[in-house]
Number of protein chains: 2
Amino acid sequence: MQYMVGIDVGGTNIVCGLVNERYELVGKLKRPTEAALGVDHVLDKIANMIGELFVQFEADRTRLLAVGAGIPGFIDPERGVSIFASNLKWHNVDVSGRLNAKVGVPVFIDNDVRMYVYGEAMSGAGRGAGVVHGVTIGTGLAAATVVQGELYYGSGFMAGELGHIAIPGETTPCGCGLTGCLETVVSATGIVRQAKQALERGRESLLRGPYERGELSAADVSQAYDEGDALAIEIMEYTGQVLGTGLSYSISLLSPDVIVIGGGGAMAGDRLLKPVRETLSRSVYHGYLERLTIRQGELIDDGGVIGSAAFAKSRAEKLRQTGEGII
Amino acid sequence: MQYMVGIDVGGTNIVCGLVNERYELVGKLKRPTEAALGVDHVLDKIANMIGELFVQFEADRTRLLAVGAGIPGFIDPERGVSIFASNLKWHNVDVSGRLNAKVGVPVFIDNDVRMYVYGEAMSGAGRGAGVVHGVTIGTGLAAATVVQGELYYGSGFMAGELGHIAIPGETTPCGCGLTGCLETVVSATGIVRQAKQALERGRESLLRGPYERGELSAADVSQAYDEGDALAIEIMEYTGQVLGTGLSYSISLLSPDVIVIGGGGAMAGDRLLKPVRETLSRSVYHGYLERLTIRQGELIDDGGVIGSAAFAKSRAEKLRQTGEGII
């Protein structure tokens, strides 16, 4: 049995998982990232966590094939460099090179969303499908596409910014510099913003309580929806319609077999997916819908770790076959 | 020197071109399709044209590597079958098999738009680029994407229906069964429809002459634009904005290095591309625009023939290397 280690490097925590060649998670460790203490501190911590995984879960470290790490922000997966990760304050960090020097096996990195979607495609809700388009809904929204087991990158590794297409009639400024981007509506942030704006206009709703306590969250909107709150229902309907509109473009351009919805937003389930499906039935050629399945992610918690491990395995095998580091 | 024959099968004419391995067109023949006389008639005619090409342009027929044919409608390029071509009245025609039996070399087919875009990517306006997204504007609008020299297909070979994404505020019924599709605006048909509807509402314009003579065309709208006609300018502006909106989705999802505009609509040049660029500057993350080039096609007349020949060469070489027929 060979092993990979998959790592999810977040702004708050690092999760390292020991994954076997059947993409099963043998065990995982979670530690605070402490990015403020510098890149070396974070990379040393990861190297130590990798060592501990083999001790704690009693696996043979000489069987470690490769390490994969999903990192937020802009990544150059070909060179293994984190170009820019705002919540880690990393600029042009040679993660693959520096971590390889510490752990002695090949290290492959990519954007955390791509790693999650790769995991769902190889071992989760998209398993066995030819083209898997995955969308993660969290504080923002991002997408990635896996085609016959390979991530689609586009020029500059920049494909998949479904979160930053402009939605007609929307004018909220977005962090990217544009206005009215899809993720200003379809994200935890966007759902909370819609609720706050309605409450500030005097709208009555069960959401007023958490709003006035200063703790209104997207989960509150889901809960109020379940209690029949009209505002919460409107917000989820509209959010689902906007997501459906965005996915209608993904479908017409990419023709996926499976769309996987991941991230915290996947917890909204049919509250979002019902208006998504209704929107698609009106806005996409029926031939697509006949062959398309839309599913919630199966690997919500461990998708990043399993995806990073699967990505490392695929890349390490290619490296061995061809001598090349990139697909 | 090896040769390929590239074929563009249209509803009206068949064009067969003799293409050398540098993707240069040595010579071509054009004959009426006469689809009404049946599939056998059309395939016999193509086989005869292939023979004549080698005689007329004095090339060595034993040097014919493969034949490629671009066919309108739904194609299964893997099996070499024309699933449905409405203007040829073809249903499930095994073009590759039947033509191979007549000409004795491998025959590869694909959708005519994909063949055109493949030609531009390999030997035209997208030469040397990693990701080429091509759009043809004619009676309708279609798109295809070439990634590192390979066509992107998606599930069911159905990717690229940029012409059938829904445009907000548009309600014109589309041939596909939906309403307000992008191609109901951005196409020769769409441009003429916009002009007719404005003239029928009583709008004054230089276009009234050709309209009343029953011969209003998209070229008339371009000409009136050049003469400063306010209606023609409005139509081209709006059409360019809608095309820009559609391309903003292509860019965010696919991150192309080059966008090639082909088909008759490419003749509109900056009349369309100026509003396209203005729209993109407002609706796409600037990082994309820094690396993206938008170009008119270079192979307008011969793109289908050269693309079909280049596609046949690529597929024949793969067939020889791997024993497989499909990428």
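The values are calculated or read from the model by the stated rules, or taken from the named source; none is laboratory data. Note that the structure is a prediction, hence the values are computed from the model and not measured. As a convention, Cβ positions derive from the backbone with ideal geometry for all residues, glycine included, and neighbour counts pool all protein chains shown. Quick note on the areas: whole protein, heavy atoms, side chains included, nothing else; ligands and nucleic acids left out. Shrake-Rupley method; radii C 1.70, N 1.55, O 1.52, S 1.80 Å.
The table below lists the values:
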read-out: Apportionment of accessible area to carbon and sulfur, region B:129-296, percent (1.4 Å); value: 50 percent
read-out: Residue pairs, from the table B:Lys28/B:Lys318; B:Lys30/B:Lys89; A:Lys313/B:Lys318; A:Lys45/A:Lys89, whose Cα atoms sit over 24 Å apart; value: B:Lys28/B:Lys318; A:Lys313/B:Lys318
read-out: For region A:153-170, residues shielded by at least 50 square angstrom of accessible area compared with the chain on its own, probe 1.4 Å; value: A:Ser155, A:Met158
read-out: Interface residues in region B:239-280 - accessible area drops by 40 Å² or more relative to the isolated chain, probe 1.4 Å; value: B:Tyr249, B:Ser252, B:Leu253, B:Leu254, B:Ser255
read-out: Positive-end residue of B:Gly202, B:Gly180, B:Ile251, charge dipole of region B:129-296 with Cβ unit charges; value: B:Ile251
read-out: Value of [θ]222 nm, deg cm²/dmol, for chain A, DSSP H segments ≥ 4, -39500 (n - 2.57) each, nearest 500; value: -12500 deg cm²/dmol
read-out: Within-14-Å neighbourhood charge of B:Glu278 [Cβ basis; K, R +1; D, E -1]; value: +2
read-out: Relative contact order [Cα under 8 Å, 6+ residues apart], region A:1-131, whole percent; value: 22 percent
read-out: FRET E, pair A:Asp301, A:Ser86, Förster distance 30 Å, beta-carbon r, rounded to 0.05; value: 0.80
read-out: Largest to smallest accessible area among B:Ile75, A:Ile233 [probe 1.4 Å]; value: A:Ile233, B:Ile75
read-out: Farthest toward positive dipole pole in the protein assembly as shown [+1 Lys/Arg, -1 Asp/Glu at C-beta], among B:Tyr238, A:Ser217, A:Thr293; value: A:Thr293
read-out: Heavy-atom accessible area ranking, 1.4 Å probe, most first, across A:Thr172, A:Thr33, A:Thr179; value: A:Thr179, A:Thr172, A:Thr33
read-out: Accessible area per residue in Å² at 1.4 Å probe, computed on region B:1-153; value: 39 Å²
read-out: Most mobile listed residue (A:Phe108, A:Phe84, A:Phe57) in chain A, GNM with C-alpha springs under 10 Å; value: A:Phe57
read-out: Contact surface B-A: accessible area buried, both sides summed, square angstrom, 1.4 angstrom probe; value: 3000 Å²
read-out: Förster-model FRET efficiency, 30 Å R0, B:Glu215 and B:Glu278, C-beta, rounded to 0.05; value: 0.45
read-out: Cα-based equivalent ellipsoid of region B:1-93: semi-axis lengths in Å, sorted from largest, via gyration tensor; value: 24, 15, 10
read-out: Nearest-0.05 FRET efficiency for B:Tyr238 and A:Leu289, computed from C-beta distance (R0 41 Å); value: 0.90
read-out: GluC sites (Glu not before Pro) restricted to region A:29-73 and DSSP loop, no more than 16 other C-beta within 10 Å; value: A:Glu34, A:Glu58
read-out: Rounded tilt (10° steps) of A:230-254 against the dominant C-alpha axis of chain A; value: 50 degrees
read-out: J(HN,Hα) series, region A:137-147, from Karplus relation 6.51 cos²θ - 1.76 cosθ + 1.60, nearest Hz, glycine and proline x; value: 10, x, 5, x, 9, 9, 9, 8, 10, 10, 10
read-out: Cleavage-rule hits (trypsin sites (Lys or Arg not before Pro)) in region B:184-281: DSSP loop, at most 10 neighbouring Cβ within 10 angstrom; value: B:Arg201, B:Arg213
read-out: Distance between modelled label sites at B:Arg61 and A:Arg203, nm, 7 Å Cα→Cβ extension; value: 7.4 nm
read-out: Most mobile listed residue (A:Gly304, A:Gly97, A:Gly209) in chain A, GNM with C-alpha springs under 10 Å; value: A:Gly209
read-out: Helix B:270-283 vs. chain B, principal-axis angle (Cα, 0 to 90°, nearest 10); value: 80 degrees
read-out: Pair A:Thr139, B:Arg320: separation of 7 Å Cα→Cβ label points (nm); value: 5.5 nm
read-out: Radius, Kirkwood style, for region B:129-296 when every pair of distinct Cα atoms is counted (Å); value: 16.4 Å
read-out: In region A:203-293, GluC sites (Glu not before Pro) in a DSSP loop with at most 13 other beta-carbon atoms within 10 Å; value: A:Glu204, A:Glu215, A:Glu227
read-out: Gaussian network model of chain B, springs between alpha carbon atoms under 10 Å - residue of B:Gln296, B:Gln241, B:Gln56 with greatest fluctuation; value: B:Gln56
read-out: Percent of Cα-Cα distances greater than 37 Å, calculated over chain A; value: 19 percent
read-out: Overall Cα dimensions of the protein assembly as shown - principal axes, largest extent first, Å; value: 76, 63, 38
read-out: Dipole of chain B [Lys/Arg +1, Asp/Glu -1 at C-beta], most positive-end residue of B:Gly68, B:Gly303, B:Pro275; value: B:Gly68
read-out: Of all DSSP beta bridges in chain B, antiparallel share, percent nearest 5; value: 60 percent
